[in-house]
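Below is one structure, written out as structure tokens; the observations come after it.
All of the numbers you see were taken from the coordinates with simple rules; none came from a lab. Here the structure is a predicted model, which means the values were calculated and not measured. Note that we place each Cβ from the backbone using ideal geometry, even for glycine, and neighbour counts take in every protein chain shown.
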Amino acid sequence: MTLAEETVSTASFDELYALYANDVLRVSYFYLGDRQRAEDVCQDVFVKLITTSPALQAGREKSWLLKVALNRCRDLWRAGWVKRVVLGHPAFELIPGPDEIGEMEEKQAIMGAVNRLPADFKDVVLLHYYQGYGIAEIAQMLGIAEGTVSSRLSRARIKLQSMMKGEDVS
């Protein structure tokens, strides 16, 4: 087995949980806007890690966990269990740093607009801007072409700008 093929078998569940549970929870919370449902998703992701014992490549554990979390959030969203987050929802409580009132309102408005995006656009926006992944990494995580990721990011930015200006976007 080469170094590139080495799997995460040496990393214990406890180590992965300690390293990435907060990231999984934050992405889930941002996506769903509900702390309890985000905690359920986080738990589901780590239960799946234990029960399926996937052969994860070293350095790719976080991307696998986030992909599973996004898929689970999308399943919940489609199932109708989650209603869209309305503007003014205090969903930014997990984002650190003191803000001025105007900045907080703007961030809440942006988050509301992101939550109104179609799932395909929301996924790439969350992974790129919220988690800091590059286009190539997102393409690999979602199993789509890099050009598709770039296109979705570009179209998502345009939709967000229109939403923030109060225009009707379909």
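Hey, what do the phi angles of the stretch 105-113 turn into as Karplus ³J(HN,Hα) couplings, whole Hz, using 6.51/-1.76/1.60 and θ = phi - 60°, x for Gly and Pro?
Going residue by residue, I get 5, 5, 5, 5, 5, 5, 4, x, 5 Hz, with x marking Gly and Pro.
May I ask you to evaluate 6.51 cos²θ - 1.76 cosθ + 1.60, the Karplus curve with θ = phi - 60°, for each residue of the stretch 143-158 and list the ³J(HN,Hα) values in order in whole Hz, giving x for glycine and proline?
Residue by residue, the stretch 143-158 yields x, 10, 6, 4, x, 5, 4, 4, 5, 5, 5, 5, 5, 5, 4, 5 Hz.
With label points built 7 Å along Cα→Cβ from the Cα atoms of ASN71 and SER53, find their separation and express it in nm.
Inter-label distance under the simple model: 1.9 nm.
If the chain between ILE144 and TYR130 were fully stretched, how many nm would it gain, using 0.36 nm times the residue separation less the Cα-Cα distance?
Values: separation 14, 0.36 × 14 = 5.04 nm, distance 1.93 nm.
Answer, rounded to one decimal: 3.1 nm.
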